[in-house]
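Asker: I have a structure here, written as structure tokens, and I will follow up with some questions on it.
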Amino acid sequence: YIKIDFLHLYILDSFSSKDEIRRLMSIEPDWSILLHRENVEKLFQLHNHYDLLQQVRPTSVQELADCITLIRPAKRHLVSQYIRNREQVRDTHLYQQSGDAYAFKRSHAISYALTIVLQLHLIAAGKI
């Protein structure tokens, strides 16, 4: 069997073209936007996880993807270890399946993080 998910991301409705999306994804967002609860509450996937973002303080797409993975129940216990040694936890635990628990794939986390990067640009432009 092949599984294909078609999801409508309302966020994409805010852009006029794929070129605009590609251009914005190539620009570093203002990561300090994540320091404000009212901004975090607008974000895809992370809207209820302000406290985690305050602990981790992501400053890259990979760190943002890691946050998206850390909100999963099977990975939540890794937060304090992740804060102490991000690379080690990322490489050894974060994206690996443990037992029967669901493992969130790095590729999905990166895709979601890039969607949030677009939202950060929209917030910075006052569009959301």
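Asker: Using 0.36 nm per residue, how much length does the chain from THR59 to GLN88 gain when fully extended, once their Cα-Cα distance is taken away?
Answerer: 8.7 nm
Asker: Given H placed 1.01 Å from N in the peptide plane, which residues other than close sequence neighbours of TYR95 have an amide H under 5 Å from its amide H?
Answerer: Residues meeting the criterion, in which the H sits 1.01 Å from N, do not exist here.
Asker: While we're looking at this one, here's another question. Quick one: what are the phi-derived ³J(HN,Hα) couplings along region 85-93, Karplus 6.51/-1.76/1.60 with θ = phi - 60°, whole Hz, x for glycine and proline?
Answerer: Coupling constants for region 85-93: 8, 4, 5, 5, 5, 4, 6, 10, 10 Hz.
Asker: Pick out which of ILE21, ILE110, ILE68 has the largest mean-square fluctuation in a Gaussian network model of the chain, springs linking Cα atoms closer than 10 Å.
Answerer: Of the options given, ILE21 has the highest mean-square fluctuation.
Asker: Need one number: nm distance between label points at LEU35 and ASP19, each 7 Å from Cα along Cα→Cβ, rounded to one decimal.
Answerer: 3.6 nm
Asker: Which value, in Å² and to the nearest 10, is the accessible area of THR115 when all protein chains are kept and the probe is 1.4 Å?
Answerer: About 20 Å², rounded to the nearest 10.
Asker: Pick from PHE15, PHE104, PHE44 the residue whose mean-square fluctuation is largest in a GNM of the chain, springs joining Cα atoms under 10 Å.
Answerer: Largest GNM mean-square fluctuation: PHE15.
Asker: If you don't mind, another one. Over all distinct alpha-carbon pairs, what is the Kirkwood Rh of the chain in angstrom?
Answerer: Taking every pair of different Cα atoms in the chain, averaging 1/r and inverting gives 15.4 Å.
Asker: Which of ALA113, ALA74, ALA65 moves most in a GNM of the chain, Cα contacts under 10 Å?
Answerer: Result: ALA74 has the largest fluctuation of those listed.
Asker: Let me confirm the definition first: pairs of Lys residues in the chain, 8 or more apart or on different chains, C-alpha distance under 28 Å. How many are there?
Answerer: Lysine pairs meeting both conditions in the chain amount to 10.
Asker: Can you give the extra length, in nm with one decimal, that the chain gains between HIS77 and SER107 once fully stretched, where that is 0.36 nm per residue apart less the Cα-Cα distance?
Answerer: 8.7 nm
The values are calculated or read from the model by the stated rules, or taken from the named source; none is laboratory data. Given the structure is predicted, the values throughout are model-derived calculations rather than measurements. Don't worry about glycine lacking a Cβ; one is built from the backbone with ideal geometry, like all the others, and counts go over all protein chains shown. Accessible surface is based on the protein model in full, side chains and every heavy atom, while ligands, DNA and RNA are left aside. Shrake-Rupley method; radii C 1.70, N 1.55, O 1.52, S 1.80 Å.
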